[in-house]
Amino acid sequence: MLDLSQYDSLGAALRDALDRFADQLCLIEADRDRENHRLTYRQFRAQAMPIACDLEALAFGAGSRAAILISNQSKWLIAAYAVLYRGGAIVPLDYKLGAAEQAALLAHSRAEILFIEYPLWRLLKAEPVFAELRLHAVFVTEAPAGAEIAPARRWEECRSGDEPGFVPRGRQDCAGIVYSSGTGGRPKGCILTHENYLEQCRSLTAWYPFWPGVRYLSILPTNHAIDFMVGFIGPFVCGATVVHLRTLRPEYIREAFPRFQITYASVVPLLLENVKRGLVARFDELAPARRRVLGWLVALNRAATRSRPRPWLSRLLLPQVHRAFGNRLLALIVGGAFTQPATLQFLYDLGIPVANGYGLTEASTAITVNDLRPFRPDTVGKPLPGIELRIAEAGEDGVGEVLVRGKTVMAGYLDDPELTEETIVDGWLRTGDLGWVDGQGHLHLVGRKKNMIVTAGGKNVYPEDVERAFEDLPAKEFCIFAAGYLWPAPPSRAGGLEAGEELVLVLRGAGEPAGPDGLRQLVADRNRRLAAYQRVSGLLVWESEFPRTASLKIKRPELARQIAVRVDRGAVMGL
C-alpha cells in the first residue's frame with residue numbers, strides 16, 4: 001500500500017499506484033453471464049489518458065468541476081481518474097435520480113464537464129432547463145452507431161495525443177462535491193478535500209487492509225461516498241482488484257462471489273436480510289439429522305470465533321456455506337441504515353463477518369466501524385483511527401447528539417455558509433444522530449434527532465430504537481410514527497405524542513398469521529419487550545412500497561405525507 005501521508009492529492013496518489021501496480025489486475029467488468037473486460041493498472045491508465053488529453057484541450061484544470069452520471073462500470077473510475085489527474089474536482093451524481101433532479105444538481109454544482117451514459121443523456125437533454133446549464137463539454141458513453149448526440153461528443157472518440165500534463169493540488173483543495181441523499185428541495189453539496197479522502201482511506205485500511213490479490217465486489221453505486229472510497233480509492237492505492245457488475249439482479253450477485261473469488265463487498269441491510277432468508281430456507285430443506293449436525297457445527301464455530309474471526313476454521317467447519325461465497329470472503333461491509341443485530345449474529349455464526357459501521361457524507365464516509373475484535377452485533381463500532389467522537393447534551397440515559405471531529409470532516413456545504421455554520425461548530429460536525437457510547441468505546445445509535453418524539457410525560461421516544469423490537473416481524477418493511485405527526489390536529493404538536501395519542505406501526509407486506517387478530521397478537525407480543533411509554537398502540541397496513549433514498553433509507557417525511565393524504569386516522573387498527 002502507498003503511504004498516503006506523503007501525498008497532497010488523490011491524483012498524485014493514484015498516479016503512483018498505477019505505476020507501482022502496473023501489471024496487477026485492476027478492474028473486472030461483467031454483465032450478467034458475460035465478462036466485458038479485464039484491465040491491468042497499465043491498461044487502465046492507457047484508457048484514461050485520452051480522456052485527460054481532451055480535458056486538457058478544453059482548458060480543464062485546477063479547480064474545474066466535472067460531473068459523472070454513469071452506473072457501476074469501468075468508465076466511471078476512468079473518468080474520475082482523468083479528472084483528478086487534471087487537478088479537477090469530481091461531482092458524483094446518482095444515476096437513479098430523475099432527469100429534473102440531475103439537472104438541478106448540475107446547475108447547483110456549476111459543473112463544466114459531464115460524463116454520462118447515452119440513455120441518461122437522452123432524458124437529460126429533453127429537460128427544459130438543460131439549455132440553461134453552462135456545460136463546456138459532454139462526453140456520452142456507449143451511444144449507438146449513427147445516434148445523434150450533438151452537442152455532446154462520443155467517449156470512444158477521445159483522442160490519443162501527447163502525454164497530458166499532470167496538475168498538482170494541495171491537501172485543502174476541493175477533490176469532490178458530493179450531494180447528501182434525501183436532502184429534499186435544498187441541495188446539500190458536501191465539499192470534500194483531498195485531505196478528507198486521503199485520511200479516510202488511511203483510517204479504513206488500518207483496520208480493513210487491501211493488497212494485490214484482494215477482490216472487492218462493487219454493487220453499490222460508485223457515486224455513493226462509501227463505494228467511492230472502498231470501491232475505488234482504497235483498492236487502487238493498495239493494488240487490489242475491483243469487480244463491477246452491470247446488473248443488480250440477485251442471482252447474478254450471488255454467482256459473483258464464487259465466480260470472481262470475492263474478498264470484500266459493501267452491501268445494504270436489505271441485501272443482508274435476503275441472504276439470511278435464502279440460507280435459512282436452504283437449512284430448512286435439510287433432513288433432521290443433517291440439521292442437527294449443522295446446528296452443532298455452527299455452535300462450535302460460534303465458540304471458536306468469539307474473540308475474533310478465524311476464516312480458515314469457519315471454512316473447514318462449514319464448507320458448503322463458504323463455497324457459496326467463493327471461499328475467499330473476509331468480510332461484508334454494511335452501513336447507511338439500521339441492520340438487525342440478529343441478522344449480523346446469524347451470519348457471523350456461519351463465519352461470515354459483517355463489519356457494521358456508521359458514517360455520513362459530511363465525514364467523507366465512515367465514522368465508526370466494528371473492528372470484529374470481538375464481534376459486536378449490537379453496536380455500530382468504534383471510531384476509526386484519527387476520528388474523535390463525543391456525545392453532546394446527554395440525558396440521564398446517556399443519549400445525546402453524536403458529534404465528530406477529525407481530518408475527514410468536510411470543508412462545508414457548497415454556497416451555503418449558514419448551513420455550514422449550523423452543522424460544523426467549533427470544529428465539531430453535528431451529525432443530527434442520537435446515540436450513546438458504552439464502556440468499551442462502542443457507539444450505539446438510537447435514531448435521528450429530528451425524528452425524536454416527546455411524550456406528554458416528558459419521555460423521549462426514538463422511533464428507530466423502538467423499531468428494533470419488531471425486527472423479526474414477518475413483514476417486508478415497517479416504520480413507526482406518532483399519530484399526531486401523521487394526522488396533526490390542534491392542540492397536538494406535529495411530531496409530539498400528546499395525552500390520548502398513540503404510536504402507530506406502519507407495516508407493509510405482512511404474511512397471513514390468521515388475519516387481523518393474528519397480526520395484532522404478533523405486534524402485542526413484541527410490545528412487551530418495550531417500556532410502557534414506548535409501546536405501539538395502533539397498526540396500519542400499508543400497500544405501497546416505502547419511499548427510500550438512494551442509500552435505501554426510508555424517507556420518513558415523504559412516507560408520512562403519503563399516509564396523511566391517502567388514509568385517515570380511522571384506518572388505524574387498535575391493539
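The values are calculated or read from the model by the stated rules, or taken from the named source; none is laboratory data. These numbers were taken from a predicted model, which means no experiment stands behind them. Cβ coordinates were reconstructed from backbone atoms using ideal geometry, including for glycine residues, and neighbour counts include every protein chain displayed.
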Can you pull out the strands (runs of 3 or more DSSP E) entirely within the range 1-107 that have at least 2 residues that are in the same structural domain as Pro168 (by TED's automatic domain parsing) and among the small types (Gly, Ala, Ser)? 65-69
Of the residues that sit in the range 301-323 and are surrounded by fewer than 18 Cβ atoms within 10 Å (Cβ to Cβ) and aliphatic (A, V, I, L, M), which one is farthest from Gln261 (Cα to Cα)? Ala303
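Conditions (1) under 26 Å from Ile219 (Cβ atoms); (2) of a type in the set (D, E, K, R); (3) free of Cβ contacts under 8 Å to residues at least 12 places away in the same chain, marked per residue:
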position	(1), (2), (3)
Tyr81	yes, no, no
Tyr85	no, no, no
Lys96	yes, yes, no
Ala99	yes, no, no
Leu105	yes, no, no
Trp121	yes, no, no
So which residues in the range 155-169 are under 31 Å from the mean Cα position of the chain (by Cα) and charged (D, E, K, R), if there are any at all? Glu156, Arg169
Take Val167 and decide whether it is outside the structural domain of Thr549 (by TED's automatic domain parsing), outside any strand (DSSP E or B) and β-branched (Val, Ile, Thr). yes
Tell me, please, whether a residue that is modelled with pLDDT of 95 or more, touching a Gly at 6+ places or on another chain (Cβ under 7 Å) and within 18 Å of His224 (Cβ to Cβ) can be found in the range 41-61. no
In the range 136-150, anything without any contact (Cβ under 8 Å) to a residue 40 or more places away in the chain and either within 26 Å of Ala46 (Cα to Cα) or not assigned by TED's automatic domain parsing to the domain that holds Ala79 (or both) is listed as Val138, Val140, Glu142, Ala143, Pro144, Ala145, Ile149
Consider the range 66-100. How many of its residues are surrounded by fewer than 20 Cβ atoms within 10 Å (Cβ to Cβ) and touching a helix residue (DSSP H, G or I) at 6+ places or on another chain (Cβ under 7 Å)? 1
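For (1) under 30 Å from Arg566 (Cβ atoms); (2) among the polar types (S, T, N, Q); (3) at pLDDT below 85; (4) surrounded by fewer than 18 Cβ atoms within 10 Å (Cβ to Cβ), each residue gets a yes or a no:
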position	(1), (2), (3), (4)
Leu389	no, no, no, no
Ala392	no, no, no, yes
Leu403	no, no, no, no
Asp426	no, no, no, yes
Leu443	no, no, no, no
Leu473	yes, no, yes, no
Tyr485	yes, no, yes, no
Pro488	yes, no, yes, yes
All conditions in (1) in contact (Cβ under 8 Å) with a residue 40 or more places away in the chain; (2) crowded, with 22+ Cβ neighbours inside 10 Å; (3) touching a helix residue (DSSP H, G or I) at 6+ places or on another chain (Cβ under 8 Å) are true of Asp349 except (2)
Quick count over the range 237-251, residues being under 26 Å from Asp16 (Cα atoms) and either in a loop (DSSP other than H, G, I, E, B) or free of Cβ contacts under 8 Å to residues at least 40 places away in the same chain (or both), is 2
Pairs with Cβ under 9 Å, 6+ apart, first in the range 279-305 and outside any helix (DSSP H, G or I), second of a type in the set (Val, Ile, Thr): Leu286/Val293
Find the residue count for the range 524-550, including only residues that are exposed (fewer than 15 other Cβ atoms within 10 Å of the Cβ) and either more than 25 Å from the chain's Cα centre (by Cα) or not in a loop (DSSP other than H, G, I, E, B) (or both). 7
Reported set for the range 21-41 where residues are in contact (Cβ under 8 Å) with a residue 24 or more places away in the chain and surrounded by 15 or more Cβ atoms within 10 Å (Cβ to Cβ) is Phe21, Gln24, Leu25, Cys26, Leu27, Ile28, Glu29, Ala30, Leu39, Tyr41
Reported set for the range 551-575 where residues are among the aliphatic types (A, V, I, L, M) and either crowded, with 19+ Cβ neighbours inside 10 Å or assigned to a strand (DSSP E or B) (or both) is Ile554, Leu559, Ala560, Ile563, Val572, Met573
Could you count how many residues in the range 546-567 are acidic (Asp, Glu) and more than 19 Å from Glu101 (Cβ to Cβ)? 0
Out of Ala366, Ala342, sole residue that is crowded, with 22+ Cβ neighbours inside 10 Å and either of a type in the set (Gly, Ala, Ser) or in a strand (DSSP E or B) (or both): Ala366
Among Val446, Val437, which is hydrophobic (A, V, I, L, M, F, W, C), closer than 22 Å to Ser203 by Cβ and free of Cβ contacts under 8 Å to residues at least 60 places away in the same chain? Val437
Residues of the range 261-270 classified as crowded, with 19+ Cβ neighbours inside 10 Å and either more than 17 Å from the chain's Cα centre (by Cα) or part of a helix (DSSP H, G or I) (or both), total: 3
Just one of the numbered conditions (1) part of a loop (DSSP other than H, G, I, E, B); (2) more than 17 Å from the chain's Cα centre (by Cα); (3) touching a residue at least 12 places away in the same chain (Cβ under 8 Å) is not true of Arg254; which one? (1)
Just name the residue that is surrounded by the most Cβ atoms within 10 Å (Cβ to Cβ) out of those in the range 101-144 that are over 28 Å from the mean Cα position of the chain (by Cα) and small (Gly, Ala, Ser). Ala143
